[in-house]
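See structure below.
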Amino acid sequence: MDAHSANPAIPGVPGHPPRDYAEEHHGAPGGLRRWLTSTNHKDIGTLYLWFSFAMFLFAGALAMLIRAELARPGIQLVDPAVFNQLTAMHGLIMIFGAIMPAFVGFANWMVPLQIGAPDMAFPRMNNWSFWLLPAAGTLLISSFFVPGGAAAAGWTMYPPLYMQGGIAYDMTILAIHILGLSSIMGAINIIVTILNMRATGMTLMKMPLFVWTWLITAYLLVAVMPVLACAITMMLTDRHFGTHFFSAAGGGDPVLFQHVFWFFGHPEVYIMILPAFGIVSTILPTFARKPLFGYTSMVYAVASIAFLSFLVWAHHMFTTGMPAAGQLFFMYTTMLIAVPTGVKVFNWVATLWRGSLTFETPMLFAIAFVCLFTIGGFSGLVLALVPVDIQLQDTYYVVAHFHYVLFSGAAMSIMAGVYYWLPKWTGHMYNEALGKTHFWLTAIAFNVTFFPMHFLGLAGMPRRIPDYALQFAEFNLIASLGAFVLGAAQLLFLYNVISCIRGGKPAGAKPWEGADTLEWTLSSPPPYHSFTTPPTVR
């Protein structure tokens, strides 16, 4: 060993070369290298948001094909096998490729800024957790082009149908594993960041509600993503290695998969909606110019919802044959979730009460979220009733319910959040007139698309079918016309965001008068390395 390797140079230590502070406080690297190798939480947040938007447009295009096929009775554009592929991949890509990565993008951008941290706790793991996503997305999309086409057994992947498909089904399992790994890495990063890197004086009960909702969501992710991984791994061994976990012919039970899947699946719904609660609970007080009503009760309500989400999985399975005591247990625990949900809705309305309200685009989306998500919650209560659920199982009523929860809940809260923080991210104000046009087109077209599906379901139209009886034709045509407008409206959103990035009216450090969280103490856009001097919260 030579002298140099035995005594390596340690910058900044007496007798060693001076520390290169200019290198430590460098700005953003240029070109492609910035995006491939960046460990900066803002860059990675941006990558997450663009990836999720691309997946949103792709899965939305699949939805347009579905609604084009269903606009009239009879087979129009695609054969039934392709139709099944469209419905399955629309669900999988929207959930795992669009909504979940979008919220992780918000977490990357806003959690460090809102707690006064310079970055995420594990920046390199943060880079890895993002770059797993394009690989998984490529697997899902390319599965359309393998022999037999993409997986066509629904996003829930139920056996025995799922065990009979071709290579696309294995590609989907691998993609879900990769997406799950990315989610767990991101969740661990967020938990450690929030618990260890908060500004001096920021106790847990002083954290912004968006940070609280993400802390709880991250714990949910760590708890349930391994459950999904187990379920699909058991499916994989059934398909290729001679096991019979879910094969009735070999002594297994297909219903076992449903139990394991929904033990993951129902908390997954809250993984996609709790961060939305945080975004809306940030926007409403800002534009009401009042503090959030009942902050403490909101924290406990969100935690209660997360806890209860582990106790309700079998309400998705009332028709599989369950003892009456089991049906009653899952019915009442499902209805119990309405209590903390009601607390949240009451607090949001109380926050608006006698506030100095203004109705910029983020506020419009946030109010629409409260109204439409409440409708989705009520239709969920209807489905919690065992006798009603048995009648409505696998009808379009269920499609209407979960789109009122996941589009007007998750997707519209994401749009609200983008408009709210876009001035902070880019340093420019977006086009308000275009934003409001986007909002009204989205809100109206969404209701035109999905509200008639309640009636279709009540009338008995089954979901996931490419053709239907003539008595369902009118409502299907209305829903399809609404869907086309809803899809086109999102191109306005894309145009407005790109225009804002490229220029526009400069945004000050705090363009929203009522905003009071730490990110607004920084310039717009914030410096590449923010909070190099830790702030103090009093």
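The values are calculated or read from the model by the stated rules, or taken from the named source; none is laboratory data. All values derive from a computational prediction rather than experimental measurement. Ideal geometry is used to build each Cβ from the backbone, glycine not excepted, and the neighbour counts take in all protein chains shown. Side chains included, ligands, DNA and RNA excluded: accessible areas come from the protein's heavy atoms. Shrake-Rupley method; radii C 1.70, N 1.55, O 1.52, S 1.80 Å.
Descriptive notes on the structure:
- Taken over the stretch 510-521, the criterion of being open to solvent by 20 Å² or more (accessible area, probe 1.4 Å) and not acidic (Asp, Glu) is satisfied by 510, 511, 514, 517, 518, 521.
- Every residue from the stretch 171-227 that is buried (at least 17 other Cβ atoms within 10 Å of the Cβ) and among the polar types (S, T, N, Q): 172, 182, 183, 189, 193, 213, 217
- Only one entry of 57, 36, 65 meets the criterion of being open to solvent by 30 Å² or more (accessible area, probe 1.4 Å) and either among the polar types (S, T, N, Q) or modelled with pLDDT under 95 (or both), and that entry is 36.
- Selection count where residues are without any contact (Cβ under 8 Å) to a residue 60 or more places away in the chain, open to solvent by 60 Å² or more (accessible area, probe 1.4 Å) and touching a Pro at 6+ places or on another chain (Cβ under 9 Å), scope the stretch 418-476: 2
- Among the residues of the stretch 411-430, the one identified as out of contact with any helix residue (DSSP H, G or I) (no Cβ under 7 Å at 6 or more places or on another chain) and outside any helix (DSSP H, G or I) is 427.
- Of the residues in the stretch 393-410, at least one is surrounded by 17 or more Cβ atoms within 10 Å (Cβ to Cβ) and in a loop (DSSP other than H, G, I, E, B).
- Any hit, the stretch 293-315, residues being touching a residue at least 60 places away in the same chain (Cβ under 8 Å) and closer than 28 Å to residue 434 by Cα: no
- In this structure, residue 377 does not satisfy being free of Cβ contacts under 8 Å to residues at least 12 places away in the same chain, out of contact with any Pro (no Cβ under 8 Å at 6 or more places or on another chain), open to solvent by 20 Å² or more (accessible area, probe 1.4 Å) and closer than 27 Å to residue 106 by Cβ.
- Count of the stretch 169-218 residues which are β-branched (Val, Ile, Thr) and outside any helix (DSSP H, G or I): 2
- Members of the stretch 140-167 that are without any contact (Cβ under 8 Å) to a residue 60 or more places away in the chain and in a helix (DSSP H, G or I): 140, 142, 143, 144, 145, 161, 164, 167
- In the set (1) within 19 Å of the chain's Cα centre (by Cα); (2) open to solvent by 10 Å² or more (accessible area, probe 1.4 Å), residue 362 fails one condition alone, (2).
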